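A short worksheet on the structure shown next.
The values are calculated or read from the model by the stated rules, or taken from the named source; none is laboratory data. The shown structure was predicted, so the numbers you read here are calculated from the model rather than taken from an experiment. Counting neighbours? That spans all protein chains shown, and the Cβs are built from the backbone with ideal geometry, glycine included. Accessible surface is based on the protein model in full, side chains and every heavy atom, while ligands, DNA and RNA are left aside. Shrake-Rupley method; radii C 1.70, N 1.55, O 1.52, S 1.80 Å.
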Amino acid sequence: MGEFKVHRVRFFNYVPSGIRCVAYNNQSNRLAVSRTDGTVEIYNLSANYFQEKFFPGHESRATEALCWAKGQRLFSAGLNGEIIEYDLQALDIKYSMDAFGGPIWSMAASPSGSQLLVGCEDGSVKLFQINPDKIQFERNFDRQKSRILSLSWHPSGTHIAAGSIDYISVFDIKSGSAVHKMLVDRQYMGVSKRKCIIWGVAFLSDGTVISVDSAGKVQFWDSATGTLVKTHLVANADVQSIAVSDQEDSFVVGTAEGTVFHFQLVSVTSNSSEKQWVRTKPFQHHTHDVRTVAHSPTALISGGTDTHLVIRPLMEKVEVKNYDAALRKITFPHRRLISCSKKRQLLLFQFSHHLDLWRLGSTVATESPFYPGMTLEEKIYTNNLSLKRKNLREISCSRKAWGYPSTLQRCRSFTAAQNKGTVESMCLLAVSPDGNWLAASGTSAGVHVYSVKRLKLHCTVPAYNFPVTALAIAPKTNNLVIAHSDQQIFEYSIPDKQYTEWSRAIQKQGFHHHWLQRDTPITHIGFHPKRPAHILLHDAYMFCIIDKSLPLPNDKTLLYNPLPPTNESDVIRRRTAHAFKISKKYKPLLFMDLLDEGTLVAVERPLDDIIAQLPPPIKKKKFGT
C-alpha cells in the first residue's frame, strides 16, 4: 500500500458528557440514553448496538428521567420541571410542557403504556394520560414531605411505589392515596446518617418492593404489610440505580463505587420450589459512579460519570457464543466530529459549545500506518479560529462547505416524504466531488441519491436491513460506497443505478468472519486521489485500505496480515496478499483521511486523557492501607 507521511493529532480535547439515564424498550429492542448535557441518544441493539439517532442537548435541560411508553413513544423530564416528548422520525422535540411541581426527579410509564407518572421536588406525584398527540394532566396523588426521587408501577397497574428521603410510599392508583409508608433505616456501617435517600425502587408482581439507597443497601419490602423482609449491604457508598428483568428472575444495581451487582432468583435446594434472591458476581467496568442501569433479555446495561455505556451479555441468555457474547464499552458518538480541508491543511473540531479550526503542521519523516517501527517528527500546529454558539442549543453538526447553487440552503440534515406519507429525517449526507450528486441516508436503512443540478430524486439504493453508518461518493466514477452497522460494505454506481461488479463479487463470496465480528461501526469513508481502486475507511480502533484490484480474503486467510519477512520471494508475497490492509496502530481513532496521495492525518483521543478530566472517583480503602 506504500508509505505515508502522517499527521498524528492528539490535541482534540473532546470529553463526552456523563450518562444520566438509560431506558430499554423491549418491543423495539432499542436503548435510549440521556447525558448530563441534555443530549438523548437512541441505540438499536438489533443492529449491533449502533447509535442510530440523537437529539442535541440544551443548557436549560438537565435530564433526570427517561422512559418509553406505548407506541414507541419516548419521554424525558428534568430539573427545569418540564416533560418532553421526542419525535423519533423528524429527530426533534415534539413538544414540552410544565408539570407545575418544580424540578422533576423521576418518571415511569404504566405497564399498559397509557399513563405517565412524574415525581417532583415539591413532594407531589402527578398522573398524566398519554393521548395520541399529547399527554394530559389527570390528577395529583397525596403530597409527601420531601421530593420524589424514584417511581415504579406494580405490573398490574393498580399501585405504585415511590422512593423519597427516609421512606418509601405505596399509592393506590384509583384513589391517589398512600396506603403504606415504609421507613428506611438510616444506619450505615453501624453509624446513623442524617438522611437516607431512596435512589431507586422496583415493584414486583408478588407485591415485593426492592429499594436501593444512599446507605449502600439493597432491601426487600412486603408492600401488603409495609415491613422489611431482607437487607443486602453491597457497597460502602450509594447504590444509585436498579433495573429488573421482564421475567422478574433477575435484577441489576449500580453503585457510586463504579460496581455493578447482579441478583438472581434461585431455588433454595435442588428439589425445592422455594426461591430466594442471591447476589452473584460483581462487575467493575466503570471507574466512576454508575448512575443508571437497564436489563435487557440478554444483557446488563450500565452508564455513569465516566461517560462509558457498558453492555455486558448474560452468557446463559446468548445463543451465539461469539460476536453477540462480546462485552461492549461505547465511549464515542457513532458519527463524525471532525472535518478536514485537504487543500488548505485545516482541521475543524466540533464541540458541544464551539468549533475549533486548526492548521496542520508539516512532517519531515515518513511513517507507514501498516508497518511499525518508523518515526515521525512534527512541527507546531496552529489554532486559527474558535467559533462559539449564539444560543443555548448544542452544536449538532459541522462540515466543510463550498459554493452551493443559489437555490440551496446549507443544512445539517433535511427531511424527505416517504411512500407511506411519513416524514423522515436524513442523518448522513455525502456530496460528489464534482458537486452533481447528493446521497442521503435517513433514520431507516434506505439511501436516496439526488441530482443537485435538477433538484430531483435520481435513484434509491435497494433497502437493507441494517442502518447506514457512513457513506461517500468516489471521484471520477461517482460510485457510492455505503457501510452498514453489521459491517457490510456496498458499492453502488450512481450513473448506472446498480451495484458495481466488485460489490456483487464481495457479496457473493462474503466478508472475512473477523471483519464481521468487529464491534465498532465504520464512521468515515475516503478515496485515494491517484488510485481509484483504493477505498479508505476506519472505525474507532482500526484504519483500512481496501484495494479492489486484489483478491478478497477468505476465512482461511489471515485478515490482519503482518508484513512478510524480507527474505520471502515476490511470488510468496503476491500469494499471501489480499485486498484488505488494516492498521490498529492508531486508537481510539476519531478521524483519518488522506490529505494528498502521500500524506495522512489521524486524530486520536486516548481514553486516559478523558478520565483525567473527569471529577475524581470515590476513594476506596485498599487492603493493607
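Take region 16-84 with all the other protein chains still there, run a 1.4 Å probe, and you get 27 Å² of accessible area per residue.
In region 429-520, the C-alpha radius of gyration followed by the widest Cα-Cα span (Dmax) gives 13.3, 43 angstrom. Across all C-alpha atoms in region 45-160, the radius of gyration and Dmax reach 14.3, 45 Å.
Using a probe of 1.4 Å, the accessible surface attributed to Glu597 totals some 100 Å² when neighbouring protein chains are kept in position.
Only Lys, Arg, Asp and Glu count, each charged at its Cβ (+1, +1, -1, -1), so figure out the dipole size of region 40-143 about its Cα centre, rounded to 20 debye.
Values: 9 positive and 14 negative charges, 62 e Å.
I would put it at about 300 debye.
In terms of the mean number of neighbouring beta-carbon atoms within 10 Å, the peptides 282-291, 234-243, 508-517 order highest first as 234-243, 282-291, 508-517. Ranking of Val461, Val15 by solvent-accessible surface, largest first: Val15, Val461 (1.4 Å probe, protein heavy atoms only, all chains present). Annotated for region 50-204: lysine pairs at least 8 residues apart or interchain, Cα distance under 26 Å, count 21. The stretch between Arg504 and Arg143, if pulled fully straight at 0.36 nm per residue, gains 123.4 nm over its current Cα-Cα span.
When the residues Leu457, Leu88, Leu594 are ordered by accessible surface, computed with a 1.4 Å probe over the protein chains alone, the sequence from largest down reads Leu457, Leu88, Leu594.
Distances between placed amide hydrogens fall under 5 Å for Asp593 paired with Val601, all partners being 5 or more residues away or on another chain. Per residue, the accessible area of region 98-175 comes to 38 Å² when a 1.4 Å probe rolls over the protein heavy atoms.
3J(HN,Hα) couplings calculated from phi for region 139-147 with the Karplus curve 6.51 cos²θ - 1.76 cosθ + 1.60 (θ = phi - 60°) are, in sequence order, 5, 9, 8, 3, 6, 9, 7, 9, 4 Hz; Gly and Pro show x.
Tally up the carbon and sulfur contribution to the accessible surface of region 148-306 as a whole percent, 1.4 Å probe, everything protein left in place. Write out the running numbers ahead of the final one.
Values: 3160 of 6330 Å².
Roughly 50 percent, rounded to a whole number.
Sorting 153-162, 196-205 by average packing, meaning the other beta carbons within 10 Å per residue, from highest down gives 196-205, 153-162. Take the solvent-accessible surface of the protein heavy atoms, probe 1.4 Å, and return the percent of it on region 11-98 that carbon and sulfur atoms account for. Carbon plus sulfur share of accessible area: 43 percent. Packing, as the average of other Cβ atoms within 10 Å across residues, places the peptides 430-438, 266-274, 610-618 in the order 430-438, 610-618, 266-274, highest first. Taking θ as phi - 60° and the Karplus parameters 6.51, -1.76 and 1.60, the scalar couplings of region 253-269 work out to 10, x, 10, 6, 8, x, 9, 10, 10, 10, 10, 10, 8, 10, 5, 5, 10 Hz in sequence order, x denoting glycine and proline.
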